[in-house]
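Input: a single structure, listed below in structure tokens.
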Amino acid sequence: MTTRDKLIVGNWKMHGNHAANADLLQGILAARPFVAQAAVCVPFPYLSEAAVALANSGVNWGAQDVSAHEQGAYTGEVSAAMLHEFGCRYAIVGHSERRALHGESDQLVADKAKAALARGITPIVCVGETLAQRDAGETEAVVKRQLSAVIHTLAHCIGEIVVAYEPVWAIGTGRTATPEQAQAVHAVLRAQLAAASAHASSMKLLYGGSVKPDNAATLMSQPDIDGALVGGAALKAADFVAIIRAAA
Ligand code: 13P
């Protein structure tokens, strides 16, 4: 048996506005206390508001991306140092939407994870295969390749990251990996981490992809699934809270 606390992270993606965010955070806060750890990753312009709203609440917040660079002429980028100034706890890196739509390579993702860690921000490193890759039997090879770049770049610090397995075909599609499919990949990732770090057994591996209140408990009851990275269902307080509670 493991003693890893569960962690539920909401990824708001490019959704929200002042009023909707305030309602959502209020709804989450009103439902405390939670047994599981919870965090929300909000769009950059709203980070400081979220930081104020969530101060001392026990609910953490994070960014959805971070620059691999420390500072400089990188128009549009946000550095880990800037996020750190606001008390940022997490940064998602390598989300499949960024890999696919913004051409992020495995090495760039690894460099972003390193930049985050250097400022005390826990990177939530996303890995996952497309449907074509799964159908071709390449799932294991793809996620191992993605994680391998991070393992090599972070070296002995690898134990400090959170990994999120998000099969691309399950994101926003309503099509969830079965608990068995997800567990099988999580076990592969845990074994890969164990070969690199003595801390692998205490690392959190989240599942993401159409996690909803009605499938969350079964997914998170798998031995190597330590929580969830939630997209659509994280935009409704009642659903997000139900998922946090399902983790307990
Ligand atoms: P959905 O929960 O909307 O499928 O999104 C998952 C995701 O991409 C979280 O990062």
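What the phi angles of the stretch 76-93 give under the Karplus curve with 6.51, -1.76 and 1.60, with θ = phi - 60°, is a coupling list of x, 8, 10, 8, 5, 4, 5, 4, 4, 4, 9, x, 4, 9, 10, 9, 5, 10 Hz, glycine and proline written as x.
Judged by the ratio a/c of the largest to the smallest principal axis of the C-alpha gyration tensor, the stretch 1-131 counts as prolate, that ratio being 1.5 or greater while a/b is larger than b/c. Quick check: pseudo-label points 7 Å beyond the Cα along Cα→Cβ at ALA248 and GLU85, how many nm apart are they? Distance between label points: 3.8 nm.
With the largest listed first and rounded to whole Å, the semi-axes of the equivalent ellipsoid of the chain from the Cα gyration tensor are 24, 22, 17. Over the chain, dividing the summed -39,500 (n - 2.57) contributions of all DSSP H runs of at least 4 residues by the number of residues returns a 222 nm mean residue ellipticity of -12000 deg cm²/dmol. Note on the stretch 116-192: with charges restricted to the Cβ of Lys and Arg (+1) and Asp and Glu (-1), its dipole about the Cα centre is near 180 debye. For the stretch 137-248, the orientation-averaged shadow of the C-alpha convex hull comes to 6.8 nm² (one quarter of the hull surface). Computed over the alpha carbons of the stretch 49-102, Rg followed by Dmax gives 12.6, 36 Å.
Residue by residue, the stretch 130-137 carries 3J(HN,Hα) couplings of 7, 4, 4, 5, 4, 5, 7, x Hz when phi is fed to the Karplus relation 6.51 cos²θ - 1.76 cosθ + 1.60 (θ = phi - 60°); x denotes Gly or Pro. Between GLN71 and HIS156, the simple label model (points 7 Å from Cα in the Cβ direction) yields a spacing of 2.8 nm. Here the contact order of the chain, divided by its residue count and restricted to Cα pairs under 8 Å and six or more residues apart, works out to 23 percent. Amide H to amide H, with H built 1.01 Å from N, ALA164 comes under 5 Å of VAL125, CYS126, VAL127, LEU206, counting only residues 5 or more places away or on other chains. Amide H contacts for ARG119 (H built 1.01 Å from N in the peptide plane; partners 5 or more residues away or on another chain; cut-off under 5 Å): none found. Computed from the Cβ-Cβ distance with R0 of 25 Å, the FRET efficiency linking ALA191 to SER105 stands at 0.55.
Our summary gives the stretch 105-194 a relative contact order of 34 percent, counting only alpha carbon pairs under 8 angstrom and 6 or more residues apart.
Given +1 on the Cβ of Lys and Arg, -1 on the Cβ of Asp and Glu, and no further charges, what dipole in debye does the stretch 43-128 carry about its Cα centre, rounded to the nearest 20?
Its charge dipole is roughly 180 debye.
Karplus-based coupling profile of the stretch 35-48, in residue order and whole Hz: 7, 7, 7, 9, 8, 10, 10, 10, x, 3, x, 9, 4, 5, with θ = phi - 60° in 6.51 cos²θ - 1.76 cosθ + 1.60 and x standing for Gly or Pro. Note: relative contact order over the stretch 15-76, using C-alpha pairs below 8 Å and six or more positions apart, is 33 percent. For ALA228, the residues whose amide H sits under 5 Å from its own are LEU7, ILE8, VAL9, TYR207, ignoring neighbours fewer than 5 places away on the same chain, with H placed 1.01 Å from N. Over the stretch 202-248, the ratio between the Cα radius of gyration and 2.2 N^0.38 Å evaluates to 1.03.
Values in this text are rule-based calculations from the coordinates and carry no lab data. It should be emphasised that the depicted structure is a prediction, and the values quoted were computed from it without experimental measurement. Note: ideal-geometry Cβ built from the backbone for every residue, glycine included; neighbour counts use all protein chains shown.
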